[in-house]
């Protein structure tokens with residue numbers, strides 16, 4: 001059986017594009033993890049890729065069955081292990097395929113934001129966006145906005 | 001465990017059961033292991049005497065105190081790595097986050113029925129039989145207390 005390149009397997013992280021000198025192609029060097037709902041945001045991301053719309057290379061996608069699966073630990077461990085920002089992209093309010101997973105995710109993101117605020121970390125490092133499956137422009141806007149927010153913040157220091 | 005006035009009243013309403021003294025207990029002593037509590041509030045919902053209350057306020061310091069190997073412990077370890085300073089006080093947990101509640105246990109209102117022990121998903125509430133309590137015809141309660149504390 002021919003081996004499938006890792007980048008083509010849904011849900012795996014695509015290899016980081018490298019610049020000519022072997023460094024990250026994106027000069028800001030930051031990493032943003034996006035948790036995408038399979039029913040909407042991931043489909044929107046797919047459509048964006050098929051349309052060859054350029055996206056910030058800082059964003060790495062993680063496929064989730066529903067944003068309701070995203071727990072505060074997913075978000076915090078991403079930040080602790082090297083991400084400078086995390087965003088969760090799910091279905092529009094009232095359009096969750098599992099009733100209200102996106103609303104749970106919204107509140108969990110708010111919880112993590114308050115947690116970060118209480119220890120002096122900028123809460124805008126963690127954000128939630130909603131979109132429908134065919135709304136590729138909204139996905140691009142969310143990704144670019146997240147990239148702009150994180151680029152404007154200092155690198156997240158770790159102990 | 002001494003019975004509350006309400007406990008004595010409830011016990012007195014059972015046929016053939018009357019507490020002899022104010023210090024007669026009906027069941028077990030509830031022991032809470034706060035480090036294992038995830039603040040889900042299941043014990044609050046099942047408590048028949050409203051001895052357990054929950055509040056939506058959460059103190060992030062609880063994450064730092066949680067034992068390693070638990071989700072809270074892992075959250076605390078992650079938070080410690082990125083924290084710029086010690087957590088500064090409690091905040092309100094959003095409605096749909098169903099854990100991270102602060103649980104308050106009022107020992108004086110507790111009947112020792114053990115309902116919270118069965119409802120707890122993490123084993124943070126255990127029960128043990130009260131030593132030397134005159135349980136009389138409540139031997140069944142006592143054997144339950146022994147069973148749940150084993």
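The values are calculated or read from the model by the stated rules, or taken from the named source; none is laboratory data. Because the structure is a prediction, the values reported are computed rather than measured. Cβ sites come from the backbone with ideal geometry, for glycine too, and all protein chains shown count toward neighbours.
For this structure, a couple of remarks:
- Residues that are in contact with a helix residue (DSSP H, G or I) (Cβ under 6 Å, 6 or more places away or on another chain) and over 20 Å from residue B:87 (Cα atoms), drawn from the stretch A:99-116: A:101, A:102, A:104, A:105
- When residue A:159 is tested against (1) exposed (fewer than 15 other Cβ atoms within 10 Å of the Cβ); (2) farther than 24 Å from residue B:89 by Cβ, exactly one condition is not met: (2).
Conditions tested, residue by residue: (1) within 13 Å of chain B (Cβ to nearest Cβ); (2) modelled with pLDDT of 95 or more; (3) in a helix (DSSP H, G or I).
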| site | (1), (2), (3) |
| --- | --- |
| A:82 | yes, no, no |
| A:86 | yes, yes, no |
| A:102 | yes, yes, yes |
| A:106 | yes, yes, yes |
| A:114 | yes, yes, yes |
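- Considered as a group, the residues in the stretch A:65-80 that are more than 7 Å from every other protein chain (Cβ to nearest Cβ) and farther than 14 Å from residue B:71 by Cα include one that is surrounded by the most Cβ atoms within 10 Å (Cβ to Cβ), and that residue is A:67.
- Selection from the stretch B:48-62 of residues that are surrounded by fewer than 20 Cβ atoms within 10 Å (Cβ to Cβ) and outside any helix (DSSP H, G or I): B:48, B:49, B:50, B:53, B:54, B:55, B:56, B:57, B:59
- Residue within the stretch A:91-99 that is crowded, with 17+ Cβ neighbours inside 10 Å and either under 13 Å from the mean Cα position of the chain (by Cα) or within 11 Å of another protein chain (Cβ to nearest Cβ) (or both) present: no
Residue by residue, here is whether (1) in a loop (DSSP other than H, G, I, E, B); (2) at the interface with chain A (Cβ under 9 Å from one of its Cβ atoms); (3) modelled with pLDDT under 95; (4) surrounded by 17 or more Cβ atoms within 10 Å (Cβ to Cβ) holds:
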site	(1), (2), (3), (4)
B:64	no, no, yes, yes
B:69	yes, no, yes, no
B:75	no, yes, no, yes
B:78	no, yes, no, yes
B:81	no, yes, no, no
B:84	yes, yes, no, no
B:89	yes, yes, yes, no
